[in-house]
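Everything below concerns the one structure shown next.
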Amino acid sequence: MTIFQKIIDRQIPADIVYEDDQSLAFRDLHAQAPTHVLVIPKRAIRSLADTADDDAALLGHLLIVARKVAEQLGLTNGFRTVINSGPDGGQSVDHLHVHLLGGRPLGWPPG
Ligand code: AMP
């Protein structure tokens with residue numbers, strides 16, 4: 001079981017900023033920006049590479065939630081959404097998640 005499944009199941013605490021029937025959003029424990037939130041599906045999906053064509057609505061929903069959380073947390077000057085996938089993508093938790101980062105200018109390209 002992943003650490004994010006334990007957060008969904010309320011076995012470990014998290015600073016939850018949004019929840020609905022399909023998704024959960026909580027603050028990243030090791031924030032890389034003044035605002036750093038993770039948006040995850042409640043359904044256990046390992047990564048973007050493990051999604052199916054009929055997951056389109058759920059994937060779209062995660063981005064809509066990211067937009068709502070950005071609004072809720074006052075990221076009026078912009079923000080970044082990132083999905084790391086697999087070892088080369090830098091994914092460290094095998095439960096699909098969208099990073100929402102903001103509150104400072106973010107550099108590009110990433111490492
Ligand atoms: P990634 O490297 O893209 O898989 O992102 C995983 C993220 O999960 C990292 O930014 C971690 O800081 C974050 N993280 C790991 N454990 C926790 C936790 N218990 N609560 C909140 N964020 C976590």
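The values are calculated or read from the model by the stated rules, or taken from the named source; none is laboratory data. These numbers come from a predicted model, not from an experiment. All Cβ positions, even for glycine, are placed from backbone atoms using ideal geometry, and neighbour counts span all protein chains on display.
Search the range 2-28 for residues being out of contact with any strand residue (DSSP E or B) (no Cβ under 9 Å at 6 or more places or on another chain) and surrounded by 10 or more Cβ atoms within 10 Å (Cβ to Cβ), and hand back the single one that is farthest from T81 (Cα to Cα). Here the answer is Q11.
Within the range 1-18, the residues that satisfy the criterion of being more than 7 Å from the ligand (Cβ to nearest atom), over 21 Å from V69 (Cα atoms) and either part of a helix (DSSP H, G or I) or in contact (Cβ under 8 Å) with a residue 24 or more places away in the chain (or both) are T2, K6. Going by the conditions given, is L58 surrounded by 15 or more Cβ atoms within 10 Å (Cβ to Cβ), away from the ligand (no atom under 16 Å from the Cβ) and part of a loop (DSSP other than H, G, I, E, B)? Answer is no for this residue. Filtered by the rule that a residue be exposed (fewer than 11 other Cβ atoms within 10 Å of the Cβ) and among the polar types (S, T, N, Q), the range 62-81 gives T76, N77.
Which one of D88, D94 is within 13 Å of the ligand (Cβ to nearest atom), touching a residue at least 40 places away in the same chain (Cβ under 8 Å) and of a type in the set (D, E)? Break it down into steps so the answer makes sense when it comes.
Working: D88 fails: touching a residue at least 40 places away in the same chain (Cβ under 8 Å).
Just one listed residue meets the conditions, D94.
Per the listing G103, G78, G74, G111, the residue uniquely more than 11 Å from the ligand (Cβ to nearest atom), modelled with pLDDT under 95 and in contact with a Gly (Cβ under 9 Å, 6 or more places away or on another chain) is G111. Put simply, of V93, V65 the only residue that is of a type in the set (A, V, I, L, M) and under 10 Å from the mean Cα position of the chain (by Cα) is V65.
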